[in-house]
Each structure stands twice: as structure tokens, then as C-alpha cells.
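To start, the structure under review is shown below, and the notes come after it.
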């Protein structure tokens, strides 16, 4: 036997390359496609995380700068609002400007704002004469109640209907599902909210008085009656958010599942005798939900940031209604603080989506 042949038989290599293997080991190694990630991914992931966190920090810094300069362009004099429209002397106007630092040069106002923001101090509201952080903390639970309820409902509805549409691709049910989702997704949320108020709340609709026109509570209720009252006020704004937002989740889930259903491993599973419903539910759906996982986090941040119009239409006492109220003054510290919160919600959720996705798909973050 020659040296080359001996080397080939002993090491499995030679002039013709590695010995051919059959089955999943040939494509995915001894543990198959679902085996643990190799050392390269584990080593690279911390660098991937560090890069994403650094990008998020830069984005938040850009938001901080933008929130300061952007709202300085809003027409209106906050000092005149603070005087209540009364005729005041020039000395009194100067005193107000000095009290809130409006007499300082713009660059000095900016450096003071950034320095305080880094310590968690977003300034004092002109309108409420209270710390901006306190006003945000007070309104945040109401916004989370509204957006959290809507988020859970439209995510679940989008996944379920998207899955069913993919299974019934091309049939009447699929066409109705996708058509309705696209129609509702294209509607402005404030217009749909006004339509629901007109038809289900005020006297000119077919079911007048079925739901409150706005607010979060009627007042005077306690205990379980209070919970029911809040839930009653919650219905229309939640329906509005669900209607305009579930379509995106439906379409992404449907598209991903249609792509997955043509995969070879599903054909192999069927050839082994697995029922078609088990193949779809246990194999196709979990893999098809990978894009939806990313979309879930992005949607959560977008819903919090995009709730302004819905809260304003329904007079919901959350961050969105507070932002509209502050913008009309203009209450610069409160507007800046709320803008930062909304933008930070989007940045944080997008970053979480980037960090979590590699845990489901090891190809990302190598």
C-alpha cells in the first residue's frame, strides 16, 4: 500500500478529500441541525452584544440632542403661557425667564440640559410646576395598561390568523384575512378612533352610549367595580390599536410560514409518516416564527411611541395625552422628556430584538 493510500485510510483524507457521510451528520455535524452552538458563535456573541449596546447608546445620545434643538423651533412663548395672558411688566417677564434658564445662551441651556439629563433630571414642567420625571412616572402606568393590552391581543391575533392564512393559501379565507388586514393597517388610527366614538358612543351612532366617549374612569367606583369601569373605558382605544396593528404581524407570519412550508425537511417528515397537521404545528410554525420574534419587540416600542393620537382622541390620561397637552403650550421640558421616552422605547426594543434573535438563529451574531 502506498503512503498516500495509507494516509487516506488512516485519516479519512487523501487526494480525493474527506470521506463522504450520509444523513444529518453530513450537513450539520454529529449533533444535527438542532445541536448546541459551536465555540465560534459563543465567542463572537459578546462582541455582537457590545456592538449593539454601543449603537443603542449612540442612538440615545442623538435622541437627547435632537429633543433639545427640535422643540426650540416650536412657535410660541412659554413665558406668556406662564403669565396666563395677563399684562405683566418687563421685569416680571425677565424674572420668569431667569427662573427657568430661558435667558441663557442656547449653548449653555443645552449643556445644562445634558448634564442634568445624565443624572435623571429632565427639568421642571412650566405647565404643572413639577419635575418632568414625576409627571412621566404618573402617566406611564396608564399608557402601559393601554399599549400592553393592545400589544398582547394584536400579536396573538396576528400570529393565529397569519398561520391559518398560510395553511389555506389561495383560498377564500386567506384572501379575506389578508384583504381585511391590509385595509385596517392602512387606516389612520385617529380616524378609526373617531369613527368608533361616533358609532358606539355618541348619540348619532346605531348603538349610542354603548361605550364611554373617553377618559379612563367614570369616578366614584371602588374595588371590583372600579376594575370593570376601567375595562369598559379601555375597550374602544384597545380595539383601535388592535385593528390597525395586527395586520403587520399577520402578513409577516403568513409570509414566513409560506416560505418554510416548501422546505425539504418538511417533505422528509411527511415521508416518515407524520401527519400533515403535526408537521406544520411542530416543525414549520416554530421556525417560521423567527421573523415574528423580531417584529414583536419592534412593535412593542412602536406602539408605546405611536399611542399619542389614540390617547388624545379618547382622552386617555397617559403619556400620549400628556405629550399633546405639553406641545400645545409649549412646555419645553415636558415635551423634551416625553420625546426622549418615546424614542428610547423604540431604541431599547429594537436593541432587545437584535440581542435575542441570535439565541433563536445561531447564524446571526457569528
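Below are the figures for this structure:
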{"quantity": "Full-stretch length increase - residue 298, residue 267 - with 0.36 nm per residue and alpha-carbon distance subtracted", "calculated": "7.9 nm"}
{"quantity": "The range 137-360 - Kirkwood radius from inverse mean 1/r over Cα pairs (Å)", "calculated": "19.4"}
{"quantity": "Descending principal axes extents, the range 169-231, alpha-carbon based, whole Å", "calculated": "53, 28, 20"}
{"quantity": "Largest to smallest principal axis extent of the C-alpha atoms in the range 253-366, angstrom", "calculated": "68, 35, 16"}
{"quantity": "Extension gain from residue 98 to residue 259, taking 0.36 nm per residue of separation minus the Cα-Cα distance", "calculated": "51.7 nm"}
{"quantity": "Mean-position separation - Cα centroids, the range 288-342 and the range 112-154, in angstrom", "calculated": "10"}
{"quantity": "Fraction of alpha-carbon pairs over 26 Å apart in the range 81-229 - percent", "calculated": "60"}
{"quantity": "In nm, spacing of pseudo-spin labels at residue 49 and residue 69 (7 Å Cα→C-beta vector)", "calculated": "3.5"}
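Here, each number is a calculation from the coordinates, and none is a lab measurement. Values in this document were obtained by computation on a predicted structure and should not be read as measured data. With ideal geometry, Cβ positions are generated from the backbone for all residues, glycine too; neighbour counts draw on all protein chains shown.
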